[in-house]
1. DSSP loop trypsin sites (Lys or Arg not before Pro) in the stretch 160-209 with at most 12 other Cβ atoms within 10 Å of their Cβ, which ones?
2. For the stretch 78-94, take each phi angle, set θ = phi - 60°, evaluate the Karplus expression 6.51 cos²θ - 1.76 cosθ + 1.60, and give the result in whole Hz per residue in order, putting x for glycine and proline.
3. Please list, in chain and number order, the residues 5+ apart from Leu256 or on another chain whose amide H is under 5 Å from its amide H, with Hs placed from the backbone.
4. Quick check: at a probe of 1.4 Å, how many percent of the accessible area of the stretch 202-248 sits on carbon and sulfur atoms?
5. Cα centroids of the stretch 168-200 and the stretch 267-294: how far apart, whole angstrom?
6. Find how many whole Å separate the alpha carbon centroid of the stretch 385-447 from the alpha carbon centroid of the stretch 201-226.
7. With every protein chain kept in the model, how would you rank Asp318, Asp326, Asp298 by accessible area, 1.4 Å probe, largest at the top?
8. Just read off the accessible area of Phe310 with the full protein assembly in place, 1.4 Å probe, to the nearest 10 Å².
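The values are calculated or read from the model by the stated rules, or taken from the named source; none is laboratory data. Note that the structure is predicted; figures quoted are calculated from it, not measured. Because the Cβ atoms are built from the backbone with ideal geometry, glycine has one as well, and the counts that use them run over all protein chains shown. All accessible areas refer to the heavy atoms of the entire protein, side chains included, with ligands and DNA or RNA removed. Shrake-Rupley method; radii C 1.70, N 1.55, O 1.52, S 1.80 Å.
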Amino acid sequence: MFNRTTNRFAVERRPCRSAVLPSVLLLFLIGTLKAEEPYAALINPAEPQPTSIERLPPPNLPGLTLSGLTLGDLEQMAVGGNPALARARALVGAARGEWVQSGLLPNPSVGYDGQQLGSGGLAEQHGIAFSQEIPTGGKLRLNRAVADRSVLIAQQELEGLRQRVLTDVRVAYYQVLVAQLQVNLAEEIIRVSAEGTSAVDALYRAREVGRVDVLQAQLESEQALIQKQAASNRYESAWRGLTAVIGNPSLALQPLLGDPDSQSNEIEFERALTRLQTSSPEVGAAVAEVERARFALDRARAQRIPNVSFQGLVNVVDNGIGGGTDGGVAITMPIPLFDRNQGGIARAECEVLAARQAVSQLTLDLQQRLAPIYETYTTSRSQVERHRATILTAASESLALTRKNYEAGESGYLSLLTAQRTFAQTNSNYLDAVLRLRTAEAEIEGLLLSGSLRYAAPDVPSQTGPTNLSRNSPPSNLLGR
């Protein structure tokens, strides 16, 4: 650096002036290495500030009773206990840490410099060397601007995951409620089958029907018991799914309060689509990605401006000029002759274009995803309304009249069996339509966000790339200096 020959092996210790070197070096190090500043002191108000991290409340359930859980209780439990939300909050914190790191100045370097050490003490030089790289072109400010948008994207993803959790809780809640009703329906079918069996037995004892009717009634009762067992298994499965979503798989089986059969407000397609395209966290993250790409482009253009490196040397002992103190200074900067970050700028320009097109793509994707869910919603709503208006009542009346006619000997057992199966199938179809309706409503109200527990393994960083990047050459994410 200073065109002086350095011998690292033959160092002659001089008792007087050379002895002051460790003390001077120690004092310089103490003055250079400042104590770690508080986190808030690292934020320069003049630079772009990141959006504050959303703090989701912990579970607080003072209203829980032994009588049952409400949907609000379950949502609170999920917000506080679902591990996916805790993971997303940690990723927001990681993004904020990147924001802090990306705007810090490079650390200065300090060390010992010994020259002319093989001169037998005639021309020895012992000094303190130090250097500092000075980023130019607003690189640190742009680093912070890019990282700020990354924080915003992480926060939008956190909000999206929170909505996924709530949607999953609502869907699982209705699955459990409907499963409860299906168990009740199975018990009702067992009761109806038992009444039919009693009527057959009475007629058989009176020798008005044959053994075939008795056997058919017994088979129908067995089928009802099998359906009851299946409904109970479905209820337990739905409960296990619900406890997984709320993050408490050991929660004991207990009743849920609510009525899936209640009336709800009608949802219009255009209004739902507008809400999706304006309020979805997916859209918010996509828009923030456009801004991040634009700042990354500015950062890539600023990369053409070379950083300045300042280097200095203070020779505490210089035997070559009678032991006096002297020094040297060097200021260097690379000349952007070949590398003007042409490829980085071209890449950043294409990333801006890709991010803008992604917003348009997402807008169309939301419409495409909404269409089949809205179809399920409208179809199920129509089915539920028609069942309530006429079908359920007609099935009940048909069963009652058919049983009366059979007991009076005015119709055969086949008619009674058909009426019983129609009653069971009609009520089962109604509960299935109710579940589809509530699920579609929850998905539409939840901005089509669900599947909070689906796990995607994080990307593993490549080990083949460079391990040390120059501060004058940013890494691929454009957040380097």
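1. Sparse-neighbourhood loop trypsin sites (Lys or Arg not before Pro): Arg207.
2. Once rounded to whole Hz, the list reads 5, 4, x, x, 5, x, 5, 5, 4, 5, 5, 5, 5, 5, 5, x, 5.
3. Leu69
4. 50
5. 41
6. Each part's Cα centre sits 22 Å from the other's.
7. Asp298, Asp326, Asp318
8. The value for Phe310 is about 70 Å².
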